Amino acid sequence: MADFNFLRVVPVDLKRYLPQFLEKDPTFSKTLEALSTEHEKQRLQLIDVTKQFFITTATWGLADWEEFLDLHPDPGDSDVKRRARVLIALRGSQTTTLSRVRDIINAYGNGYVEEHNDQYYFIVFTTRTDDASIAEMRKTIDIYKPAHLGCYVYLGWAWDGKITFDGTYTYGTNMDEWSGNNNG
């Protein structure tokens, strides 16, 4: 993370720049204290505004990045998740690698990728099960995955305490094909 210190790295105290005898005047001292407080507010504000220009440090500025990239975060998304999605969108023109697919998956929850290059497909394993996040993850993977590779998703691979009995013991998991224009 970048260090956002401009001219001063310590809180502002204008008395440091003036002769000490001026501090003894109560009016001048109070004026310096008020000016120092305002100057410190401005210093901190400049640092905060500057942070919004960098995705890795943006907070309230993330909404502007998302608007610029036409991203629509869920109301409960953390800043970390929102930053990850912005970075994915900005890196869109890069070659898709295994690491890139992992980044996409982790922007929407937890998971990993299993490659089957000899058979031209990969499997996404994710704990994510809510429909909105899955749909958004799928859309993003479809945009960035190489067209010649098939993609399957295995939902609910982590233990979530749910067991369904359907003749066998299952753990609330299922696998779907996400290849081509299949919306299933």
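In straight-distance terms, cross-link reach from Lys15 covers every one of the lysines whose alpha-carbon lies under 17 Å from its own, apart from those fewer than eight places away in the same chain; here that gives Lys24, Lys30, Lys41.
If R0 is 30 Å, the Cβ-Cβ spacing of Thr127 and Trp60 corresponds to a FRET efficiency of close to 0.55.
Each of Glu40, Glu177 was scored by other Cβ atoms within 10 Å of its Cβ. Listed from fewest to most, they are Glu177, Glu40. Compared with the direct C-alpha span, the chain from Val80 to Asp25 gains 14.8 nm at full extension, assuming 0.36 nm per residue. Please find the FRET efficiency linking Asn106 to His39, where r is the Cβ-Cβ separation and R0 is fixed at 35 Å, and quote it to the nearest 0.05. Given R0 = 35 Å and the Cβ-Cβ separation, E is 0.25. Sparsely packed loop sites in region 82-134 (the trypsin sites (Lys or Arg not before Pro) outside DSSP H, G, I, E and B with at most 16 other Cβ atoms within 10 Å) comprise Arg91.
In order along region 53-68, the Karplus-derived 3J(HN,Hα) couplings, from 6.51 cos²θ - 1.76 cosθ + 1.60 at θ = phi - 60°, round to 7, 10, 4, 5, 10, 5, 10, 5, x, 4, 4, 5, 4, 5, 5, 4 Hz, and Gly and Pro are given as x.
In plain terms, the residue of Trp60, Trp178 with the fewest other Cβ atoms within 10 Å comes first and the most crowded comes last, giving Trp60, Trp178.
Read-outs throughout are calculated quantities, based only on the coordinates presented, and are distinct from any laboratory measurement. Being a predicted model, the structure only gives us computed values, none of them experimental. Note that we place each Cβ from the backbone using ideal geometry, even for glycine, and neighbour counts take in every protein chain shown.
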